[in-house]
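Any read-out appearing in this document is the output of simple, stated calculations on the displayed coordinates, not a laboratory observation. Keep in mind it's a predicted model, so treat the numbers as computed, not measured. So basically every Cβ, Gly included, is an ideal-geometry build from the backbone, and we count neighbours across all protein chains shown.
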Amino acid sequence: MTFQLSNAAFPAYETSLNALSALLDKAEAFAAAKKIDGAVLLQTRLAPDMFPMSRQVQIACDLAKNGLARLAEAEAPRFEDTETTIEQLKARIAKTLAFVKTLDRARIDASVARDITFAMGPTNKGVMKGADYLTMYVTPNVYFHITAAYGILRSCGVDVGKRDFLGAIPLTMV
């Protein structure tokens, strides 16, 4: 069996983004139980120089949709970064997953050795082969931002653990 980019990305991103949505469900329940505005959680940061929770979710979604769109040579939809509620962030995750499902897996798989050019900040560009772009840039960044979101919620006292972060991974117990 040959390595296929789509098999490396689609199940992992779907599982991880669904897990992120479930983390937001727990955040919403936590906020309601503590009688605090959920927006407080969304503006929380792990460190002063890190993005807040809401931005972590936005970036994780953007990396998944934009990264896979580049590999598929497709145009990704642009999402405005205007979410201010947990429900709006969950909707963004759902829109991201819906878009990703429309991408042509064969085109993604065919991009394994193709040069992918992508923005790295406001002025710099990076170039990587498709396989490297997915495995060494996009995927680690998706996980980084989901991990940061998880860490923020955990630091706020939301009852989340490793199983929540992993989500519904296809696992067979033996």
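Count the lysine pairs in the chain whose Cα atoms sit under 23 Å apart, keeping only pairs 8 or more residues apart in sequence or on different chains.
Within the chain, the lysine pair count is 16.
Based on the Cβ-Cβ distance of residue 49 and residue 119, what FRET efficiency does E = 1/(1 + (r/R0)^6) give at R0 = 22 Å, to the nearest 0.05?
0.60
Just from its helices, what would the mean residue ellipticity at 222 nm be for the chain, if runs of 4 or more DSSP H residues each count -39500 (n - 2.57) and the sum is divided by every residue, rounded to the nearest 500 deg cm²/dmol?
Rounded to the nearest 500, it is -18500 deg cm²/dmol.
Give me the number: length gained by fully extending residue 4 to residue 40, i.e. 0.36 nm times residue separation minus the C-alpha to C-alpha distance, one decimal in nm.
Result: 8.9 nm gained on full extension.
At what distance in nm do the modelled label points of residue 26 and residue 74 sit from each other, each positioned 7 Å from its Cα along Cα→Cβ?
If labels sit at residue 26 and residue 74, their model points lie 3.1 nm apart.
Just to be sure I understand, if you calculate Rg/Rh (Cα atoms, Kirkwood Rh) for this structure, which of (1) 0.99; (2) 0.94; (3) 1.47 do you get?
Computed from these coordinates, Rg/Rh (Cα atoms, Kirkwood Rh) corresponds to label (1).
Contour minus end-to-end for residue 84 and residue 163, with contour as 0.36 nm per residue of separation and end-to-end as the Cα-Cα distance?
Once the chain is fully extended between residue 84 and residue 163, it gains 25.8 nm.
Could you give the dipole magnitude of the chain about its Cα centre, charging the beta-carbon of Lys and Arg +1 and that of Asp and Glu -1, in debye to the nearest 20?
Magnitude of the dipole: close to 160 debye.
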